[in-house]
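The values are calculated or read from the model by the stated rules, or taken from the named source; none is laboratory data. Keep in mind that this is a model prediction, so the values were computed, not measured. Because the Cβ atoms are built from the backbone with ideal geometry, glycine has one as well, and the counts that use them run over all protein chains shown. Calculation scope for accessible area: heavy atoms of the full protein, side chains included, ligands and nucleic acids excluded. Shrake-Rupley method; radii C 1.70, N 1.55, O 1.52, S 1.80 Å.
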Amino acid sequence: MGIGNMSVGLGFSKLENLPNLESLPPKHGGDLAYWQRRVGNEALNWLDLSSACNREPWPIPEIAPELWMDLPDQANLLEEAERYFGRRPNAIGAGSQHIIEALPPMLIATNALTPNLTKHTVFVPRIGYQEHAFAWKKWGFEITYYDALEDLLDQKWAVAVVIQPNNPTGEVASAEVLSLLIAHAEQLGANIVVDEAFVDACPELSLLDTLKGELLSESLFVLRSVGKFFGLAGARVGFAFCADKWQTPLKNLLGPWPVATPSLHLVALAFADKDWQSSALQRLKVRQAAFEERVMPKFNTIFDSQDRASNPLFVTWFLESEAHAKQVFDMLHQVGVHTRLGEGWIRVALPALNEMDALNSALIRLLKTAGGRELA
């Protein structure tokens, strides 16, 4: 089959271009290994607050050797996930990132895009997880950035992405606005993707909880992950919740064994560990209180900003300029603190309780230096 025929067969004729696989991917937090290669030995002992994953993760037990020999079987994890989420997942992927990658080609291949939605516009948050925009853009969709979610209610779009709560802004969409957006998507023949990767630390915000007992709209996809609250980013396990009509095409795109057997086993155990989940939620509150009392005032001084957004797993400061943010980011490296640098913002993961003293001491050292006094 030639490229031309293949493009028609997959639905690419609806888009202006074939997928662009040469684009440079976005940068991420959790990139300490990169800095260790770049800086050398002095970075080996940095306090890594660049990733917003839980710094007090679910404790990993010993893994039976046979788990490395058996082909993956998702049945047990699906049962535990249904108990944990209150709804059975429609698909399991190698992290929610795997599902983010699968949604654009799935909607194209199933001819699910309404023809009158010209240019196939995808709305994404102006500040947020950049892989959403990157995934849709690769497949030829036109990306439009929004600042206020309510603005989408009088716009036409093929797909709208909501990050609930947003990383790194901490913004939260109300259940009322989300309900209106879903209804608007249904009227448009469009789709809405709600990324709840950070919602486990504030479960009352979950759309799955709001819609408990209801069938999900054919316009809606909800994504969940175990990387943040559980601190199991390396397990690479994510979940999709959607209408049943999408289950088969989505599973076919993800493939038969998207997640390794040990990861399936560990996440099933984590979902079953209700005592740890309850303790972890309480522990987050204790850590937040300690951070706000002991550490936050020093960051306010160093960043010369109290314009910040808080989440149970991170705090993001918004600084006066990209240049100032880069300057402070580099100075924090001088005292062994690695954070997440954005375009005019710096995100700091909530430290473990036993990391608080080291962080506090490092910030005091920075404030005592000539550069730190200048920042102050």
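If we scan segment 223-231, do we find a residue that is open to solvent by 10 Å² or more (accessible area, probe 1.4 Å), closer than 21 Å to GLY86 by Cβ, assigned to a loop (DSSP other than H, G, I, E, B) and not aromatic (Phe, Trp, Tyr)? So far as segment 223-231 goes, yes, one or more of its residues are open to solvent by 10 Å² or more (accessible area, probe 1.4 Å), closer than 21 Å to GLY86 by Cβ, assigned to a loop (DSSP other than H, G, I, E, B) and not aromatic (Phe, Trp, Tyr).
Annotation: of all residues in segment 136-148 being assigned to a helix (DSSP H, G or I) and in contact with a strand residue (DSSP E or B) (Cβ under 9 Å, 6 or more places away or on another chain), the one that is surrounded by the most Cβ atoms within 10 Å (Cβ to Cβ) is TRP136. Selection of segment 101-145 for residues being at pLDDT below 95 and among the polar types (S, T, N, Q) yields THR110, ASN111, THR114, ASN116, THR118, THR121, GLN130.
Of (1) surrounded by fewer than 22 Cβ atoms within 10 Å (Cβ to Cβ); (2) out of contact with any Gly (no Cβ under 9 Å at 6 or more places or on another chain), ALA358 satisfies all except one. Which? Condition (2) is where ALA358 drops out.
Set side by side, the residues GLU42, GLU16 differ, and just one is surrounded by fewer than 17 Cβ atoms within 10 Å (Cβ to Cβ), over 17 Å from ALA270 (Cα atoms), among the acidic types (Asp, Glu) and at pLDDT below 80, which is GLU16. The residue list LEU332, LEU366 contains one member that is in a helix (DSSP H, G or I) and touching a helix residue (DSSP H, G or I) at 6+ places or on another chain (Cβ under 6 Å), which is LEU366. Among the candidates GLU293, GLU320, the residue that is at pLDDT below 95 and exposed (fewer than 14 other Cβ atoms within 10 Å of the Cβ) is uniquely GLU320.
Each residue in segment 341-354 was checked for being of a type outside the set (A, V, I, L, M), open to solvent by 30 Å² or more (accessible area, probe 1.4 Å) and modelled with pLDDT of 95 or more, and 1 of them qualify. In the set ALA201, ALA185, ALA160, ALA190, only one residue is out of contact with any Pro (no Cβ under 7 Å at 6 or more places or on another chain), closer than 29 Å to PHE318 by Cα and buried (at least 19 other Cβ atoms within 10 Å of the Cβ); that residue is ALA160. Among the residues examined, ASP151 qualifies as free of Cβ contacts under 8 Å to residues at least 12 places away in the same chain and surrounded by fewer than 17 Cβ atoms within 10 Å (Cβ to Cβ). Going through (1) more than 21 Å from ARG55 (Cβ to Cβ); (2) more than 22 Å from the chain's Cα centre (by Cα); (3) open to solvent by less than 70 Å² (accessible area, probe 1.4 Å) one by one, ASP273 falls short only on (1).
Could you check, for segment 63-86, whether at least one of its residues is among the β-branched types (Val, Ile, Thr), out of contact with any Asp or Glu (no Cβ under 7 Å at 6 or more places or on another chain) and within 27 Å of LEU21 (Cβ to Cβ)? No, segment 63-86 has no match at all.
Residues considered: VAL315, VAL286. Of these, the only one that is modelled with pLDDT of 95 or more and either on the phi > 0 side of the Ramachandran plot or open to solvent by less than 50 Å² (accessible area, probe 1.4 Å) (or both) is VAL315.
Restricting to segment 185-197, name every residue that is assigned to a loop (DSSP other than H, G, I, E, B), touching a helix residue (DSSP H, G or I) at 6+ places or on another chain (Cβ under 9 Å) and in contact (Cβ under 8 Å) with a residue 60 or more places away in the chain. Of everything in segment 185-197, those that are assigned to a loop (DSSP other than H, G, I, E, B), touching a helix residue (DSSP H, G or I) at 6+ places or on another chain (Cβ under 9 Å) and in contact (Cβ under 8 Å) with a residue 60 or more places away in the chain turn out to be ALA190, ALA197.
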